[in-house]
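Asks: Just passing along the structure, written as structure tokens.
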Amino acid sequence: KAGVTQTPRYLIKTRGQQVTLSCSPISGHRSVSWYQQTPGQGLQFLFEYFSETQRNKGNFPGRFSGRQFSNSRSEMNVSTLELGDSALYLCASSLRGVTSGSTDTQYFGPGTRLTVL
Amino acid sequence: AQKVTQAQTEISVVEKEDVTLDCVYETRDTTYYLFWYKQPPSGELVFLIRRNSFDEQNEISGRYSWNFQKSTSSFNFTITASQVVDSAVYFCALNNFNKFYFGSGTKLNVKP
């Protein structure tokens, strides 16, 4: 069974631009969650989607948004990029999600490394 | 306030030694979930375990074991007979349905 895929793997943008990252979950998984990892702030939860609905959101500004499609693929968008948005963005998929109280295992993708210049 | 503390920034051991990674959490909720993740040098996070607040049973999975103690708000992770492949950064995390908090991670170096 194919794992979680994230595209692109690397991205370079300049301040003020917008970026869209994509995550394709494992077949049959309906939940996708997104995380940001930076040297300064560490790992932070961005949001979780389940069946096209945002279930929970971390403490990030409105510039960070996401969506999930009917095939469970998810996109994350960051508008008006700032230097501090440079990070590794990880997505994970599971059957029902980790913020739901389920006992699912999460499977992570390889991440998208975003550099903002 | 809710947070997760991993006081050990970096640990180095020699192969075959046992090693315990500490995790202390703070929450006022009675229902919460604790996690451990592994991040090898490749960067991809690997989910290791999820434990809910009502289940204080210790868990063993091969060389890995977890000790959950609500009385001390700790969820420690022990690797028995460590191997070089265990070298990674390990993160502890807390979830209470609405929020998700990660510790700062413990880098484990296992030397041959």
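Asks: Answer with one residue from B:83, B:65, B:100: the one whose Cα lies farthest towards the positive end of the charge dipole of chain B, charges on Cβ with Lys, Arg +1 and Asp, Glu -1.
Replies: Farthest towards the positive pole: B:100.
Asks: Using the Cα centre of the stretch A:1-110 as the reference point, and only Cβ charges (+1 on K/R, -1 on D/E), how large is the resulting charge dipole? Debye, rounded to the nearest 20.
Replies: 140 debye
Asks: Can you pull the Rg over Rh of chain B, Cα-only, Kirkwood?
Replies: 0.96
Asks: Could you list log10 I(q)/I(0) for the stretch B:56-112 at q = 0.22, 0.24, 0.25, 0.26 Å⁻¹, which the Debye formula gives when each Cα is one point scatterer?
Replies: -1.02, -1.12, -1.15, -1.18
Asks: Hey, with R₀ at 22 Å, roughly what FRET efficiency would residue A:30 and residue B:98 work out to, going by the Cβ-Cβ distance, to 0.05?
Replies: 0.70
Asks: Taking a label point 7 Å from the Cα of residue A:80 along the Cα→Cβ vector, which residues of the stretch A:33-69 have an amide N closer than 14 Å to it?
Replies: A:61-65
Asks: Here's a follow-up. Give the Kirkwood hydrodynamic radius (Å, one decimal) of the stretch B:31-75, defined as one over the mean of 1/r across all pairs of different Cα atoms.
Replies: Over the stretch B:31-75, the inverse of the mean reciprocal pair distance is 11.6 Å.
Asks: Give me the log10 of I(q) over I(0) for the protein assembly as shown at q = 0.08, 0.16 Å⁻¹, as the Debye formula computes it from C-alpha points; what are the numbers?
Replies: Summing over Cα pairs of the protein assembly as shown leads to -0.29, -1.14.
Asks: Each label point is 7 Å from the Cα along the Cα-to-Cβ direction; what then is the distance between the points at residue A:105 and residue B:64, in nm?
Replies: 0.9 nm
Asks: Also: Student exercise: in chain B, how many lysine pairs 8 or more apart or on different chains have Cα atoms under 15 Å apart?
Replies: So the count works out to 4.
Asks: Compute the projected area of the convex hull of the Cα atoms of chain A, averaged over all viewing directions, and report it in nm² to one decimal place.
Replies: Mean projected area of the Cα convex hull: 6.7 nm².
Asks: Setting aside same-chain residues fewer than 8 positions from residue A:13, which aspartates and glutamates have a Cα under 20 Å from its Cα?
Replies: Those aspartates and glutamates meeting the cut-off are A:75, A:82, A:85.
Asks: Further, regarding this structure: Could you list the residues of the stretch A:1-18 with an amide nitrogen less than 16 Å from a label point located 7 Å from the Cα of residue A:41 in the Cα-to-C-beta direction?
Replies: Of the residues in the stretch A:1-18, A:16 have backbone N under 16 Å from the label point off residue A:41.
Asks: Based on alpha-carbon centroids, what's the gap between the stretch A:56-73 and the stretch B:54-112 in Å, whole number please?
Replies: Between the Cα centres of the stretch A:56-73 and the stretch B:54-112 lies a distance of 28 Å.
Asks: Be a star and scan the stretch B:88-103 for residues whose amide nitrogen sits under 18 Å from the point 7 Å along the Cα-to-Cβ vector of residue B:10.
Replies: Hits in the stretch B:88-103 for residue B:10 at 18 Å: B:88-91.
Asks: Quote the Stokes-Einstein diffusion coefficient, in whole µm² s⁻¹, for the stretch A:28-75, based on the Kirkwood radius over alpha carbon pairs, a temperature of 37 °C and a viscosity of 0.692 mPa s.
Replies: In µm²/s, the coefficient is 292.
Asks: With θ set to phi - 60° and the Karplus curve 6.51 cos²θ - 1.76 cosθ + 1.60, what are the ³J(HN,Hα) couplings of the stretch B:67-76 in order, to the nearest whole Hz, using x for Gly and Pro?
Replies: Listing the rounded values in order: 10, 9, 10, 5, 4, 10, 6, 10, 9, 8 Hz.
Asks: If you put +1 on each Lys and Arg Cβ and -1 on each Asp and Glu Cβ, how big is the dipole of the stretch B:44-112 around its Cα centre, in Debye rounded to 20?
Replies: 140 debye
Asks: Return a whole-number percent for the relative contact order of chain A, with Cα pairs under 8 Å and 6 or more residues apart as the contact set.
Replies: Contact order relative to length: 36 percent.
Asks: Next question. Under the definition of partner shielding as Cβ atoms of other protein chains within 10 Å of a residue Cβ, what is the mean value for peptide A:53-66?
Replies: Taking the mean over all residues of the peptide, I get 1.
Asks: Charges only on Cβ, +1 for Lys and Arg, -1 for Asp and Glu: so what's the dipole of the protein assembly as shown about the Cα centre, in debye to the nearest 20?
Replies: Using Cβ point charges on Lys, Arg, Asp and Glu, the protein assembly as shown gives about 620 debye.
Asks: For the stretch A:72-117, evaluate the Debye formula with one uniform point scatterer on each Cα (no solvent term) and list log10 I(q)/I(0) at q = 0.24 Å⁻¹, rounded to two decimals.
Replies: -0.91
Bear in mind that the values in this text are calculations on the coordinates, not laboratory data. All values derive from a computational prediction rather than experimental measurement. Heads up, the Cβs are rebuilt from the backbone with ideal geometry, glycines too, and the neighbour counts pull from every protein chain shown.
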